[in-house]
Ligand code: C5P
């Protein structure tokens, strides 16, 4: 097998949730399955890209034919991403926890000790914004995601500007859509040219269409 429009291109994909520990047995997490990020990594590899797949503890297995780097926390994910650079394009599909617990206990917290726990938080690094704003070695194409429950296009357009990325793939994750953890996605691609809404389709199909667009952009 030879060729593919992304032959010789190195592409990074982040995927899955992050887990932020509270104590040795507990953590804060979110409902991301890693399905969309996994499908994107697979679609990019199918077009010939060398894919580095940085994944949190996802519920779906990573695709074959990619370099897999497993992480748990947002801070570990940032370190893995920085270690994987330089790349031609980076797709940030991970659902990174916004906050980590700074009051993490190295012993299991016991309900018999000292009443109810009080957790303290700090803001996690924004991996997408950090890479988008790199002065040197920024990927030629940086793609972020926006999971919103309302005003999807307006919020995602503002997010593109705020983060400094090139594209935002926006999706409506309001409960009724069944998208988070489901097999389908309805996305709007936000670029500097504007917003392009794709019909609802399987996450695999979204991934293939996005990989094609990435190949065109890098060509
Ligand atoms: O700000 P928000 O979490 O909605 O932004 C979502 C986008 O930013 C996704 O592409 C996600 O992977 C990325 N992100 C990140 N690091 C964070 C938070 C979000 O890379 N700490």
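Could you state the number of Å between the C-alpha centres of segment 10-81 and segment 130-183? Cα centres, segment 130-183 to segment 10-81: 16 Å. Using Cα atoms only, what is the angle between the long axis of helix 35-46 and the major principal axis of the chain, expressed in degrees (0 to 90) to the nearest 10? Result, in degrees: 40. Angle of helix 203-218 to the longest C-alpha principal axis of the chain, folded into 0 to 90 degrees and rounded to 10: 60°. Judged by the gyration tensor of its Cα atoms, with axes a ≥ b ≥ c, segment 76-129 is prolate; a/c meets the 1.5 cut and a/b is the larger of a/b and b/c. How fast does the chain diffuse by Stokes-Einstein, in µm²/s, taking the Kirkwood radius from C-alpha pairs at 20 °C and 1.002 mPa s? Roughly 119 µm²/s, to the nearest whole number.
Modelled label positions at residue 130 and residue 149, each set 7 Å beyond Cα in the direction of Cβ, lie 2.8 nm from each other. Length available on full extension from residue 120 to residue 176: 0.36 nm per residue minus the Cα-Cα distance, which gives 16.9 nm. Ranked by the mean number of other Cβ atoms within 10 Å of their residues, highest first, the peptides 52-59, 19-26 fall in the order 52-59, 19-26.
The numbers here are math on the coordinates, done by the rules we state, and not lab data. Keep in mind that what you see is a predicted model, and the values were worked out from it rather than measured. Counting neighbours? That spans all protein chains shown, and the Cβs are built from the backbone with ideal geometry, glycine included.
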